[in-house]
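Below is one structure, written out as C-alpha cells; the observations come after it.
The values are calculated or read from the model by the stated rules, or taken from the named source; none is laboratory data. This is a predicted model, so every value here is computed, not measured. Note: ideal-geometry Cβ built from the backbone for every residue, glycine included; neighbour counts use all protein chains shown. Heads up: the accessible areas ignore ligands, DNA and RNA and are worked out on the full protein's heavy atoms, side chains in. Shrake-Rupley method; radii C 1.70, N 1.55, O 1.52, S 1.80 Å.
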Amino acid sequence: MKKIYFLAGLPRSGSTVLAALLQQHPELHATSTSGLLDMLIGTLDAWANSLGQKSQVQDDKEKDREIQKILQSICLAKYENLDKRVILDKHRSWPTPANIKTMERVFGHKPKIVATVRNVEDCVASMVRVVKPNDLTEFCRHSDLVQHIKDSYTTLQSGNLAYPECIHFVEYDDLVDNPVETLRKVEQFLELDPH
C-alpha cells in the first residue's frame with residue numbers, strides 16, 4: 001500500500017524547491033499544491049449534510065468507520081496510477097489540528113507532515129520582490145498575500161502545539177545552505193532510504 005505523507009509550510013519558505021528536490025527520490029512523488037484536502041473536506045461536508053445520513057439509524061461509531069473508509073479510498077484512488085511507493089501531498093492547511101486528527105483516523109496512525117519555515121519578515125520581503133507593489137505600506141498591512149503568510153504561520157503554530165511529533169520543520173536557510181543534510185533528515189522522517 002502507498003504511504004501518503006504531507007507537505008506544508010509558509011509561503012515563500014522553500015516548499016516548492018523542497019518538493020522538486022524530493023521528487024528526484026526514486027520512491028517518492030511530491031505534488032505541487034494538491035486538491036486532495038479540498039476533496040476530503042467537501043466529502044466530509046456532503047456527508048454531514050446528507051439527508052440520507054441524517055435519517056439512517058446507525059450508531060456513531062459505525063458512521064465514523066464508514067466515512068473514514070470513504071476518505072481513505074479517496075486518498076488512495078487519487079494516487080493509484082503512480083508507480084511511487086511514497087506520496088508527499090502539498091497543501092498549506094494539512095497542519096491544522098482538525099486535519100491531523102482526521103488523517104490519523106483515516107490511516108490508523110499519526111500523519112507525517114514536512115513543513116518549510118522561514119522568518120516571517122523574510123517571507124514578506126520575498127513576496128514584495130515578486131509582486132512589486134506600488135504602495136509598500138498598504139501591501140504589508142492589507143494584502144491578501146501577506147495575510148496568507150500570517151494565516152499559514154498560525155496554522156503551523158496550532159498544529160505544532162497540538163501534534164509536535166507529526167511535523168518535521170525544514171528551515172529555509174538550512175535547505176539553501178546545507179541541502180544534502182536537510183534532505184537526509186527529511187528522508188529519515190519519512191522512513192525513506194537516502195538518495
Check your understanding: Which distance in nm do the two modelled labels at residue 47 and residue 138 give, with both placed 7 Å along the Cα-to-Cβ direction?
Key -> 4.5
**Study point:** Long-range HN-HN contacts of residue 9 with modeled amide H, under 5 Å
**Key:** 116
Practice item. Any chance you could run the full-extension gain for residue 80 through residue 1? It's 0.36 nm times the residue separation minus the Cα-Cα distance, nm to one decimal. Key: 27.5 nm
**Study point:** Sum of side-chain charges, residue 109 neighbourhood, beta-carbon under 12 Å (Lys, Arg +1; Asp, Glu -1)
**Key:** +1
Revision key, fill the gap. On the accessible surface of segment 113-195, probed at 1.4 Å with all protein chains in place, carbon and sulfur together account for a percent value of 49
**Study point:** Tensor-based shape of segment 1-130 (alpha-carbon gyration tensor, a/c under 1.5 rounded, otherwise prolate or oblate)
**Key:** prolate
Check your understanding: Ignoring ligands, DNA and RNA, what accessible area per residue does the chain give at 1.4 Å, in Å²?
Key -> 56
Point to revise | Local electrostatic count at residue 35 - Lys and Arg +1, Asp and Glu -1, tallied over other residues with Cβ under 11 Å | key: 0
Review point. Under 25 Å Cα-Cα from residue 78, which lysines qualify once same-chain neighbours fewer than 8 residues away are excluded?
Key: 2, 3, 63, 69, 90, 101, 110, 112
**Study point:** Candidates 152, 50, 34, ranked by Gaussian network fluctuation over the chain, Cα under 10 Å, top entry
**Key:** 50
Point to revise | Ellipticity estimate at 222 nm from DSSP helix runs (n ≥ 4, -39,500 (n - 2.57)) divided over the chain, nearest 500 | key: -17500 deg cm²/dmol
Practice item. Could you work out which residue, out of 92, 184, 12, moves most in a Gaussian network model of the chain, that is, has the largest mean-square fluctuation with Cα springs under 10 Å? Key: 184
Point to revise | Degrees between helix 97-107 axis and first principal axis of the chain (Cα, 0 to 90, nearest 10) | key: 50
Point to revise | Acute angle (nearest 10 degrees) that the helix 60-78 long axis makes with the longest principal axis of the chain, alpha-carbon atoms | key: 50
Exercise for review: Mind running the shape call on segment 47-195? Use the C-alpha gyration tensor, a ≥ b ≥ c as the square roots of the eigenvalues: rounded below 1.5 for a/c, prolate if a/b tops b/c, oblate otherwise.
Suggested key: oblate
**Study point:** Label-point separation, residue 184 to residue 171 (7 Å along Cα→Cβ), nm
**Key:** 1.7
Study note, to complete from the structure: In degrees rounded to 10, the 0-90 angle between helix 144-162 Cα long axis and the longest Cα principal axis of the chain is 60
